Each structure stands twice: as structure tokens, then as C-alpha cells.
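This report concerns only the one structure given below.
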Amino acid sequence: MNIRGIHAIYRYEMNRSFRTLIQSLVSPVLSTILYFIVFGAAIGSRMDNISNVSYGAFIVPGLIMLTVQMQSVNNASFGIYFPKFIGTTYELLSAPLSFVEIVIGYVGAATTKAFSIGLIILCTSYLFVDLDIKYPFFMLCFLLITCMTFSLLGFIIGIVSDNFEQLNIVPMLIITPLVFLGGSFYTIDMLPPFWQNFALLNPIVYLISGFRWSFFGVGDVPIFTSIIFMLIFTSICISIIWYIFKTGYKIKN
Amino acid sequence: MSEIINVQNLVKKYDNNFTAVKNLNLKIRQGEIIALLGPNGAGKTTLISTICGLSSITSGLIKVNGLDVIKDYRKTRELIGLVPQELALEPFEKVINSVKFSRKLFGKKDDNEYIEKLLTKLQLYDKKNNIIKSLSGGMKRRVMIAKALSHNPQILFLDEPTAGVDVELRKDMWSIIKELKNEGVTIILTTHYIEEAEMIADRIGIINHGELLLIEEKKELIKRMSVKTLKVKLKKTLDIIPTKLKKYNLKLIDEGKSFLYYYNTGKERTGITSLLSDMNKIGINLFDIQTEETSLEEIFVKIIKE
């Protein structure tokens, strides 16, 4: 295995984030703090507890998920799209690197960035709400796998995109609405019966539910359903990436 | 010299059914400079891309140092450095970081001494901490070469290395290429500048429509294909070529004041002596003689047209 090659890609991507620290770190954290202020402190103080959890604390897992999913997709998609855009992918393709190594480098960096942002938001949330995490180890694992899976998805988007517009279409028009409607700010049972069933078609519901379960021991769907769904989602992303590299789709001529 | 690249029956067909490379065979010897000439779309870049791993192979076999470029891609790619045609660089990165990044992609340990030597050789040392975006086109071209050489490859592919660069920089590039050859690096370059091939290549390959039309030692090729022209200025004007001189296929010019005689230096006899002797016999006196040699460019155009 070309460990140095993986490390080079990983470090290069991490350095890119440090060069654009405001965009990479400050911006998502600030946005989440604003959510805490508006939904947690201002509106949340007038809301009833949900499953014996204050509304401010209740939205913490959803807000973390909202941010890390978007960040994972954005970081990974831009990470691989930019070399494609400026033409430097020739270096990756002509180097003694397997596709697995290239994916580890890019997805690893995007995962690290999103995971770090998730942890920073979690720490920040303690400034605004009282929070007890019931299953901290599970919570960290679930967060890490979510970051990795959405980074894989972002990597796919970055490869198949032909321009910056396409790069933004999936995150803006598909992932953002799904995340907002996936129960970040409410539980599914707060919806009318028809919309409850409809909401179950949203894959993000299972992820937010699983993550919320690790905080409070309760979720919209059973935890095993969330885990199985997460594994299926991850497997689909890995299979698509494997197909892309096997066929050279949008990478090799 | 031993063979370092062996391309056997290579075919590259794109999804739109366009065949860019047609059953191409090519052997490249270690330590030589080979120039691949051909018009735009001839298949030169596609050939390089298949050897370096940028393009998939439809059929055929490519071996580098005796190893299959697909099965043993790690070992073969370690031997190769590539400078593509386009200036493709991360604009916001420092020169030195970009070169170090390339070296690590090839699995090599950091070697500051080697990288600094390389930058010095390419006259980039003073610019090592500059952001790539701030460099001139020529300097960026040098950074591309530095990146390609960062892992100390035995083979260097240069895809139109001097396209769009000024004459001075082009000459600098040629001296860099010659220096690399002296260090034992095998160099394969594609170019539109015939003068470039004439100046630095050991062998010349001509590609058109995805086929390798010929590959030959440069000197041999020029000798074999070169046609010299003898221009004879006459003391008295001729209306027609005299019957005795018809066998020389002379061409009257300047309203009969001169004629041209074409001969091949590669042949045992040029025919000049007998022409002059026959002229003397029939009383045609010459006033002056000039000779001109066909350039590699004219040879190239002739082969492509054929």
C-alpha cells in the first residue's frame, strides 16, 4: 500500500482547509450557533419538552447531523472536483496509487474535517444547553460513520459533476431539504399521520434518529433500523465509487 | 541500449467509436530521446496517456522495463514522470510544496536535498516559496517538469513541452532535456516544432491517424529522405531542356536563365558529375551553382501527405 501517497493527499486536503479556515470551520460553526440562539434559546424556551428532553437539547443531534452531512458532502465533492477542474488529476492517475488509496486520502480528509466540526459544535452546544450524552462511544462512532458515508457521497458528486453548478445541485436541492425535513428540529410523530409515513421515505430520518438515540436513548425509528440503513447507504456509496474507478467513468478517457 | 518501453499492437478506441490509436507497435530504448511528430489529433497524446495510466487500453500490451503497465502499474508508474501538454497546477500552492506533494504521491520519502537540487537545476530555487499563481507561464512549465522529476524517474514523457513558450525558454528547455539524457533519463517528447525534434532527438517517430508511419534514427531519416537541390545559373538562356539532358529531370526556371536538379545524398551516386560533364559536351556553360537541402520539416510534410 502506498501510505505516503495517501498521506500526501490527506495532508494536502487538510492544508487546503487551513488556508481557508473561515470558510471551512468558522462559517459552519457560526451558522450552527445562530441556530442554537434562534431555535434553542429564543423559540426553544417557549417549547414543551420532547421525550423529557428540553427543546434546546433535543435539537443538538439534529443540528450536528445537519452540519456534518453538508460539510462532508461539500468538502469531499470540492476536494476531488477542484483537481478535475484545474486538470491536476493526471498526477493522481499517473502515480502508483490504487483507487482505494485515492479514496482513502480524499474521503479521509473530508471525514476528518466534518467530524472535527461536529465535535466543535457539540462542545459549543454546552454553552447554550444542558446536555447529557447517554451512549457517548456509540455517538462518536455514529458521527464518524455518518461523516465518512456522506464524504463518500460527496466524492461521487465531485467525480460525476462537470461544472460548479452541478457540484452544488445535489447538496442544495436534494440533501439540504432532506436534512431539514429529516427531523433535525422535530420528531416524526409531531407530524400528521400521512406525513409521518411520508417522512419515513426520507433516508436522513434514520440517521438523525440513530444519532439522537445515542444522546437520549430515544429515536423516531428503532436503533437497529438506523444502523442497518446506515450500512446499506455506506455500501451503496462504496459500490458506486468502485464502479467509477473500475470503468474510469468521468476520470479516465 | 536495452529496451525500456515496448508497445505491442496497441488499440485505443473511445466511447464514441473513434479509434485514436490503431494497432501501434513501438519500442523505446533506454537513455534515448525520441520525438513523436504528428499533426493535431494524430494520437500522440493518447499514446502517452495509455502508457502513463491516464487512459484505458482497448487492446494490446504495453510493457515498461519488462512489466505490464496494467498488472504491475505500481512498479511501472514509479519509473515514469509525465509533463502534460496543459499547464495544470494548483494555483494557490507554494512551488516547493507542490513538488514535494508530487514526490510523496509516488511513495517516496521526503528528500529536501534532492528537491532543492532539482529546483536549482530548473532555475526555480529562488521561487520555491512563491505561490504558483504568481509565476510566469515559463516558470509554471518548469514547475511541471520539477513535479515530473520529483520522484527521480527513469523515463520522462514531455507532451509538447515548449508549446507557447518563447524562443529563449525553448532553448533552455532543450538544454534541460539534454542534461537529463546525460543523466540516463529516457525522454519521449511530442512536439509540433520540427526544429525541436531536429535539435534534440536521437530518433524520430511520425504518427498520423493513430498509426506510427515511421520510426527511425534522426540522422538516418534525414539522410534517407533528404533531397538536395542543385540550382545551376547559366551564362546563356535556354528555351527548352536539351534532349541530352532530359534524363536528369531538370526544371527550367527564371525564364530559362537557370535550372534545378534534384538529387539524393543517400544514394551512392548523385549524378552531378555526369550532369556537368554532359553540359560541357553540348556547350552549355554555367555561371554559378547553389545547393539547398530538404529540411526535416519538408520530410515530415511529405510523409504525412503520402
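No value in this document is a laboratory result; all are computed from the given coordinates. Just so we're clear, the structure is a prediction, and the values are computed from it rather than from any experiment. With ideal geometry, Cβ positions are generated from the backbone for all residues, glycine too; neighbour counts draw on all protein chains shown.
Observations, loosely collected:
- Helix-only mean residue ellipticity at 222 nm for the protein assembly as shown, each DSSP H run of n ≥ 4 adding -39500 (n - 2.57), per residue, nearest 500: -15500 deg cm²/dmol
- A crude spin-label estimate for the pair A:Ile232 and A:Ala42, with each label 7 Å from Cα along the Cβ direction, gives 3.9 nm.
- Once the Cβ-Cβ distance of A:Leu178 and B:Asn129 is raised to the sixth power relative to R0 = 35 Å, the FRET efficiency obtained is 0.20.
- Amide proton proximity set for B:Leu82, modelled H, under 5 Å, gap of 5+: B:Phe157
- Listed residue (B:His151, A:Ile238, A:Ile228) projecting farthest to the positive dipole end of the protein assembly as shown, Cβ model: B:His151
- Around the amide H of B:Ile33, modelled in the peptide plane, lie the amide H atoms of B:Ile187, B:Asp202, B:Arg203, all under 5 Å away and 5 or more residues distant in sequence or on another chain.
- Dipole orientation for the protein assembly as shown: of the candidates A:Tyr55, A:Phe82, B:Ile80, B:Ile80 has the Cα lying most toward the positive pole (charges on Cβ; Lys, Arg +1; Asp, Glu -1).
- Our Cα-only numbers for chain B put the radius of gyration and Dmax at 24.7, 80 Å.
- 3J(HN,Hα) from dihedral phi, the range A:176-183, Karplus parametrisation 6.51/-1.76/1.60, rounded to Hz, x for glycine, proline: 4, x, 5, 5, 5, 8, x, x
- FRET efficiency estimate (nearest 0.05) - Cβ-Cβ, B:Lys231 to B:Ala163, R0 45 angstrom: 0.80
- Segment A:Gln166-A:Val218, length gained on full extension (0.36 nm per residue, minus Cα span): 15.0 nm
- Cross-link table B:Lys27/B:Lys121; B:Lys121/B:Lys181; A:Lys84/B:Lys108; B:Lys140/B:Lys171; B:Lys75/B:Lys104, entries beyond 18 Å C-alpha to C-alpha: B:Lys27/B:Lys121; A:Lys84/B:Lys108
- Between B:Leu213 and B:Ile253, the C-beta separation translates, for a Förster distance of 25 Å, into a calculated FRET efficiency of about 0.20.
- For chain B, the Cβ-based charge dipole about the Cα centre amounts to some 400 debye (Lys, Arg positive; Asp, Glu negative; other atoms uncharged).
- Note on chain B: GNM, Cα springs under 10 Å; of B:Lys281, B:Lys100, B:Lys63, the largest mean-square fluctuation is that of B:Lys281.
- Most fluctuating residue given options A:Phe215, A:Phe150, A:Phe128, as computed from a GNM of chain A linking Cα atoms under 10 Å: A:Phe128
- Here's how it looks for B:Gly38: its modeled amide H is under 5 Å from those of B:Thr191, B:Ile207, which are all 5 or more places away or on a different chain.
- Tensor-based shape of the range A:3-247 (alpha-carbon gyration tensor, a/c under 1.5 rounded, otherwise prolate or oblate): prolate
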